[in-house]
Amino acid sequence: MTDLNLAAYARMGIANPVSEEAILAMLDQTDLKPGERGAELGCGNAEVARLLARRGLTVLAVDRGEAMADLALARVVEAGLSDRIEVVAAEAGAAAEAAGPFRLIAALGTTQLGDFGQLSGWLEPGGWLLWGDIFWHQAPTVPVPGLDYDTDAGWRRRGAEAGLRLVDARISPEAEWEAYVAALTAATAAWVEA
């Protein structure tokens, strides 16, 4: 993460184009119970981890950037949730492998965690994956090195091939994208002016 991301995420809620209401609606479809273990991989500012902890889960929040993990920890402490959230600076895969399995894994906007076979291996049997990332509306005409994005249908196919059962799927509506871009822009402007 760049200093810009760090500065912006410090001033934002969920650092992805998805609303808290949408995440809560997805969680309402699960059979998760208070005290069960969850993980937010690529946690950024740990806003989703905080949401999961407020729902009663014990959460491992992982970000590969030490400065971002420090920000996540500060926000967890500020929210009074340090008894339910452990923040770790590490590669998400290594941390999940060492600490799993989990009843729920949240991985939003983490392109490098698009291997559903690997993600499902870190879940308990009957566990839940809350995953989201950018997708192509159509295949790019020029390959983009280092990005393994797929189409919506492609991501769904990958999940099915990994043995995951799709319970809910949604594409963030324009209003959530606009809210995300506005929050990112405002947070960046506040950082520049500070």
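Can you give the calculated 222 nm mean residue ellipticity of the chain, where each DSSP H run of n ≥ 4 adds -39,500 (n - 2.57) and the sum is split over every residue, rounded to the nearest 500 deg cm²/dmol? Spell out each step's value before the answer.
Values: 8 runs with 80 residues, N = 194.
Computed ellipticity for the chain at 222 nm equals -12000 deg cm²/dmol.
Relative contact order of the chain: what whole-number percent is it, with Cα pairs under 8 angstrom and at least 6 residues apart?
Numbers: 291 pairs, mean separation 43.5, N = 194.
The normalised contact order for the chain reaches 22 percent.
Which is the longest part of the chain that has none of the chymotrypsin sites (Phe, Trp or Tyr not before Pro) sitting in a DSSP loop with at most 16 other Cβ atoms within 10 Å? Spell out each step's value before the answer.
On the way: sites that count: Phe135, Tyr149.
Counting at most 16 other Cβ atoms within 10 Å as exposed, the longest clean stretch of the chain is 1-134.
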Mean Kyte hydropathy of 0.0 or more with a Cα span along the axis of at least 24 Å, helices from DSSP in the chain
174-193
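Give the longest segment of the chain that steers clear of trypsin sites (Lys or Arg not before Pro) in DSSP loops with at most 11 neighbouring Cβ atoms within 10 Å, not counting the sites themselves. Let's see the in-between values first.
Values: sites that count: Arg165, Arg170.
It runs 1-164.
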Measure out, as a whole number of angstrom, how far apart the alpha-carbon centroids of the stretch 31-52 and the stretch 67-103 sit.
9
Using a simple charge model, +1 on the beta-carbon of Lys and Arg, -1 on the beta-carbon of Asp and Glu, nothing else, what dipole does the stretch 9-53 show about its Cα centre, in debye to the nearest 20?
200
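Can you give the net charge of the other residues whose Cβ lies under 11 Å from the Cβ of Gly42, counting K and R as +1 and D and E as -1? Display every interim value, and only then the final one.
Working: positive: Arg64; negative: Glu40, Asp63, Glu91, Asp133.
Residues near Gly42 contribute -3 overall.
When the accessible area of the chain is split by element with a 1.4 Å probe, what percent falls to carbon and sulfur? Can you show the working numbers first?
On the way: 5550 of 10190 Å².
C and S fraction of accessible area: 54 percent.
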Cβ-derived FRET efficiency at R0 35 Å, Thr141 paired with Arg170, nearest 0.05
0.80
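The values are calculated or read from the model by the stated rules, or taken from the named source; none is laboratory data. The shown structure was predicted, so the numbers you read here are calculated from the model rather than taken from an experiment. So basically every Cβ, Gly included, is an ideal-geometry build from the backbone, and we count neighbours across all protein chains shown. Calculation scope for accessible area: heavy atoms of the full protein, side chains included, ligands and nucleic acids excluded. Shrake-Rupley method; radii C 1.70, N 1.55, O 1.52, S 1.80 Å.
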